[in-house]
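Below: the structure, in structure tokens.
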Amino acid sequence: MSKKYTGTWNSVNEHEVPKWYDGCKFGIFIHWGIYSVPAFAPRTWELGAVETNEEWFCNNPYAEWYYNSINVGKGPSYEHHIEKYGKDFSYEDFLPMWKAENWQPQKWAELFRKAGAKYVVLTTKHHDGFCLYPSEYTDFNCEELGPKRDITGELTDAVRSEGLKMGLYYSGLIDWQFANDPIFKEEDNFGNACPTFEYADYSYNQMKELVDKYHPSVFWNDIGWPKQSEHMMPYFLAHYYNVVEEGVVNDRFNGLYHDFSTKEYKQGEANRKEKWEMCRGMGLSFGYNENEGDDQLISVPDLIHLLVATVSDNGNLLLNIGPKPDGTIPAEQEKRLLALGKWLEINGEGIYDTSCSAHLPETAGDGVQLFFTAKEKDLYVFIEGLSKEENTVLIPGVKGSAETLDSTLNVQCEETKEGMKVRINGYDKEKHIICLKVKDGE
Ligand SMILES: C[C@@H]1N[C@H](CN)[C@@H](O)[C@H](O)[C@@H]1O
């Protein structure tokens, strides 16, 4: 009998992170919207690398912030807009250009499965207020305008048919249909971006309709929750968990509640003692940015490192894709997803359904890095930084014998007083990080 939650903090605080979310380790974030048409942002900084002050908001690398980037009236995106479209061309004028004419949700879902992802999170309403589902509370949605399809409904069906979990993103506190003063500083707006009871009711009703229509396995709220309806938060959470027993939420609810905490690029703190999730784009943007070609995206080795380092630290990686307005996924992004999937086909046993090991990451000399995960008593050792075909690596404090998850490698082990000395033959750089399994090694 599943637990029934009531609309009190005591009740919802009994909720625990469901095992499926911890075991999944890797998901696909999708930012698709009106902003995918202009698809423009300057390539400046990773979030968290600099202060989010006026310089950030007037040189915002997030292409999905295009509305605000022209609303501030200065900076590269503003100048680009005036030059390419003219000052009388409004953000909403892009809507008829978003046709999704080549969109095949099943192809997306198949690609996500091949990438080794186990869950997906789609933007249902980003800061521009445009809804990627037929909301009862506004006609500013993708069934009435633009693609004229229920994007959320079609993608949810396709994702679930491929055996992946479907999650939904909702911009809880910024909605430029309700409050659209230009944002120059985070503290001025994020804390009270839409300060009306009208918006508080609107957002509560939309969040509830998303739960009731799509039963999302993840409810990924962004920015925060309206102060005017903070007292309603436990009611929303109780309803969500009662409707979606496996449901899980992130930590962007005014710091009042979370199942898992989030990092975004360099912003946020990860504490390996609790479940957390890293989200980022493959470049500096979530929305598709035409300025980000193949050589400006994260490399495959760095992507595999990010996944291994995140998972070994008790995190999940939510890697974003920014589709084009016609519904295709940029080739440079698809290439990286397939490369990650190929690596996971060989090494996924050391990633999926693992937990944090008692062993902390460490260096093993000659630029070799070691990361660890555990699965009950078995220990998985990830070795990064090999360069030669034949390598000898000391794994400090580890005893027993190891086998490699990559059957094309040859591994010999020797027990020494410092730990396990492994000789690895047959390495080449296309293998990136390799993984050894030490039976009963945890
Ligand atoms: C996942 C990211 N979250 C930030 C807010 N920190 C958004 O401003 C950004 O556009 C993206 O949706």
Query raised in the report: Taking into account only those residues within region 150-186 that are hydroxyl-bearing (Ser, Thr, Tyr) and within 19 Å of the chain's Cα centre (by Cα), which is farthest from the ligand (Cβ to nearest atom)?
Result: THR156
**Report entry** Residue satisfying condition, being in the same structural domain as GLY268 (by TED's automatic domain parsing) and more than 28 Å from GLY163 (Cβ to Cβ), within set PRO216, PRO234
**Finding:** PRO234
Query raised in the report: Does any residue of region 420-429 turn out to be part of a loop (DSSP other than H, G, I, E, B) and closer than 30 Å to TRP20 by Cβ?
Result: no
Query raised in the report: Mind checking whether some residue in region 133-146 is in the same structural domain as GLY48 (by TED's automatic domain parsing), more than 16 Å from the ligand (Cβ to nearest atom), at positive phi and without any contact (Cβ under 8 Å) to a residue 40 or more places away in the chain?
Result: no
Query raised in the report: Tell me, which helices (runs of 4 or more DSSP H) lie completely within region 53-157 with 2 or more residues that are touching a Phe, Trp or Tyr at 6+ places or on another chain (Cβ under 6 Å), surrounded by 24 or more Cβ atoms within 10 Å (Cβ to Cβ) and modelled with pLDDT of 95 or more?
Result: 66-71
Query - Number of positions in region 159-192 that are in contact with a strand residue (DSSP E or B) (Cβ under 9 Å, 6 or more places away or on another chain) and either crowded, with 18+ Cβ neighbours inside 10 Å or not assigned by TED's automatic domain parsing to the domain that holds ASN205 (or both) - result: 13
Report summary line: Here the residues within region 191-240 that are of a type in the set (Ser, Thr, Tyr) and within 16 Å of the ligand (Cβ to nearest atom) are SER203
Report task. For GLY7, indicate whether it is farther than 30 Å from ALA100 by Cβ, surrounded by fewer than 17 Cβ atoms within 10 Å (Cβ to Cβ) and within 14 Å of the ligand (Cβ to nearest atom). Result -> no
Requested in this report: Go through the residues of region 268-284 one by one and say whether even a single one is within 14 Å of the ligand (Cβ to nearest atom) and either surrounded by fewer than 19 Cβ atoms within 10 Å (Cβ to Cβ) or assigned to a helix (DSSP H, G or I) (or both).
Outcome: yes
Query raised in the report: Can you tell me which residues in region 285-298 are over 22 Å from ALA309 (Cα atoms) and either within 15 Å of the ligand (Cβ to nearest atom) or of a type in the set (Asp, Glu) (or both)?
Result: GLY287, TYR288, ASN289, GLU290, GLU292, ASP294, ASP295
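Applying the selection to region 18-52, what residues are away from the ligand (no atom under 11 Å from the Cβ) and within 20 Å of GLY293 (Cβ to Cβ)?
Those that are away from the ligand (no atom under 11 Å from the Cβ) and within 20 Å of GLY293 (Cβ to Cβ): TRP32, SER36, VAL37, PRO38, ALA39, PHE40, PRO42, ARG43, THR44, TRP45, GLU46.
The values are calculated or read from the model by the stated rules, or taken from the named source; none is laboratory data. Nothing here was measured: the structure is a model prediction, and the numbers come from that model. Counting neighbours? That spans all protein chains shown, and the Cβs are built from the backbone with ideal geometry, glycine included.
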